[in-house]
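**Q** One structure coming up, written as structure tokens, with questions to follow.
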């Protein structure tokens, strides 16, 4: 599968690295090929391809958006036509001051992104945790139980595609519903950050789903 990454920081870089090592063709959509984040991503995995945003997105089957939320609009500018009909995986989180929701919980960041690129199939995924669990999500000692990756989106086929990538990355994908449910996933991210960073629990924990 051809995959493009808009943003290869703490979240995007490990995901891009691991997906490339699973056999996917992974491109970094870079306005500046000499940026610090691009150089660090290439140092991690030289097999990643660096392209202009238009070229990377146009040739991709699926696009990951993994920038800070406050630069989402500029990151997506001039990409509307290239993104038409594409699956866009929203890995962003609108985090406000004092670990509040950056959009005052009135609307999810994912729905805001959907408004920016209305002809794109947005799926919320690869959030609810800190970057450490995208580097390494192995938790031995629990048998067949896998860490949960909660996803949300309004297009069934798009979610199925993202769910398959989750499985390849050893997550258990759990469909939480349409894109509006992303608001709750963003709150889960805030909860995880509070527990891990503020309360001092550390990054080594994830959610899992037990079902009879």
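The values are calculated or read from the model by the stated rules, or taken from the named source; none is laboratory data. Every value quoted in this text rests on a predicted model; they were computed, and no experiment measured them. Here the Cβ is made from the backbone with ideal geometry for all residues, glycine too, and neighbour counts use every protein chain on show.
**Q** Which one is surrounded by the most Cβ atoms within 10 Å (Cβ to Cβ), of the residues in the range 62-85 that are outside any helix (DSSP H, G or I) and under 15 Å from the mean Cα position of the chain (by Cα)? It would help to see each step written out before you state the result.
**A** Within the range 62-85, the subset outside any helix (DSSP H, G or I) is 62-68, 77-79, 84-85.
If we keep only those that are under 15 Å from the mean Cα position of the chain (by Cα) too, we end up with 62-68.
On the way: 62: 20, 63: 26, 64: 28, 65: 26, 66: 25, 67: 22, 68: 14.
Among residues in the range 62-85 that are outside any helix (DSSP H, G or I) and under 15 Å from the mean Cα position of the chain (by Cα), the one surrounded by the most Cβ atoms within 10 Å (Cβ to Cβ) is 64.
**Q** Would you confirm, using the coordinates I've provided, whether residue 110 is buried (at least 24 other Cβ atoms within 10 Å of the Cβ), assigned to a helix (DSSP H, G or I) and either free of Cβ contacts under 8 Å to residues at least 24 places away in the same chain or in contact with a helix residue (DSSP H, G or I) (Cβ under 7 Å, 6 or more places away or on another chain) (or both)?
**A** Values: buried (at least 24 other Cβ atoms within 10 Å of the Cβ): yes; assigned to a helix (DSSP H, G or I): yes; either free of Cβ contacts under 8 Å to residues at least 24 places away in the same chain or in contact with a helix residue (DSSP H, G or I) (Cβ under 7 Å, 6 or more places away or on another chain) (or both): yes.
So residue 110 fits the description; yes.
**Q** Please list, ordered by first then second residue, the pairs with beta carbon atoms under 6 Å, 6 or more apart or interchain, first in the range 120-134 and without any contact (Cβ under 8 Å) to a residue 24 or more places away in the chain and on the phi < 0 side of the Ramachandran plot, second in a helix (DSSP H, G or I) and buried (at least 24 other Cβ atoms within 10 Å of the Cβ).
**A** Final answer for the pair search is none.
**Q** The conditions are (1) in contact with a helix residue (DSSP H, G or I) (Cβ under 9 Å, 6 or more places away or on another chain); (2) within 23 Å of residue 63 (Cα to Cα), and residue 178 fails exactly one of them. Which is it?
**A** With (1) in contact with a helix residue (DSSP H, G or I) (Cβ under 9 Å, 6 or more places away or on another chain); (2) within 23 Å of residue 63 (Cα to Cα) applied to residue 178, the lone miss is (1).
**Q** Scanning for something under 15 Å from the mean Cα position of the chain (by Cα) and in contact (Cβ under 8 Å) with a residue 60 or more places away in the chain, does the range 139-148 turn up at least one residue?
**A** Start the filter on the range 139-148 by keeping residues that are under 15 Å from the mean Cα position of the chain (by Cα), which leaves 148.
Now restrict to residues that are in contact (Cβ under 8 Å) with a residue 60 or more places away in the chain: 148.
Within the range 139-148 (the criterion being under 15 Å from the mean Cα position of the chain (by Cα) and in contact (Cβ under 8 Å) with a residue 60 or more places away in the chain), the answer is yes, since at least one residue qualifies.
**Q** Output the number of the condition that residue 156 fails; it satisfies all remaining conditions of (1) crowded, with 18+ Cβ neighbours inside 10 Å; (2) more than 25 Å from residue 51 (Cα to Cα); (3) more than 14 Å from the chain's Cα centre (by Cα).
**A** Against the list (1) crowded, with 18+ Cβ neighbours inside 10 Å; (2) more than 25 Å from residue 51 (Cα to Cα); (3) more than 14 Å from the chain's Cα centre (by Cα), residue 156 comes up short only on (1).
**Q** From (1) surrounded by fewer than 16 Cβ atoms within 10 Å (Cβ to Cβ); (2) in contact with a strand residue (DSSP E or B) (Cβ under 9 Å, 6 or more places away or on another chain), pick out the condition that doesn't hold for residue 185.
**A** Among (1) surrounded by fewer than 16 Cβ atoms within 10 Å (Cβ to Cβ); (2) in contact with a strand residue (DSSP E or B) (Cβ under 9 Å, 6 or more places away or on another chain), the lone unmet condition for residue 185 is (1).
For every residue, the table says whether it meets (1) in a strand (DSSP E or B); (2) in contact with a strand residue (DSSP E or B) (Cβ under 6 Å, 6 or more places away or on another chain); (3) under 20 Å from residue 89 (Cβ atoms); (4) modelled with pLDDT of 95 or more.
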position: 144; (1), (2), (3), (4): no, no, no, no
position: 160; (1), (2), (3), (4): no, no, yes, yes
position: 170; (1), (2), (3), (4): no, no, yes, yes
position: 189; (1), (2), (3), (4): no, no, yes, yes
position: 195; (1), (2), (3), (4): no, no, no, yes
position: 202; (1), (2), (3), (4): no, no, no, yes
position: 208; (1), (2), (3), (4): no, yes, no, yes
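**Q** Let me ask something else. Just to verify a result, which residue in the range 1-56, among those that are part of a strand (DSSP E or B) and under 13 Å from the mean Cα position of the chain (by Cα), is surrounded by the fewest Cβ atoms within 10 Å (Cβ to Cβ)?
**A** The extreme case among them is 3.
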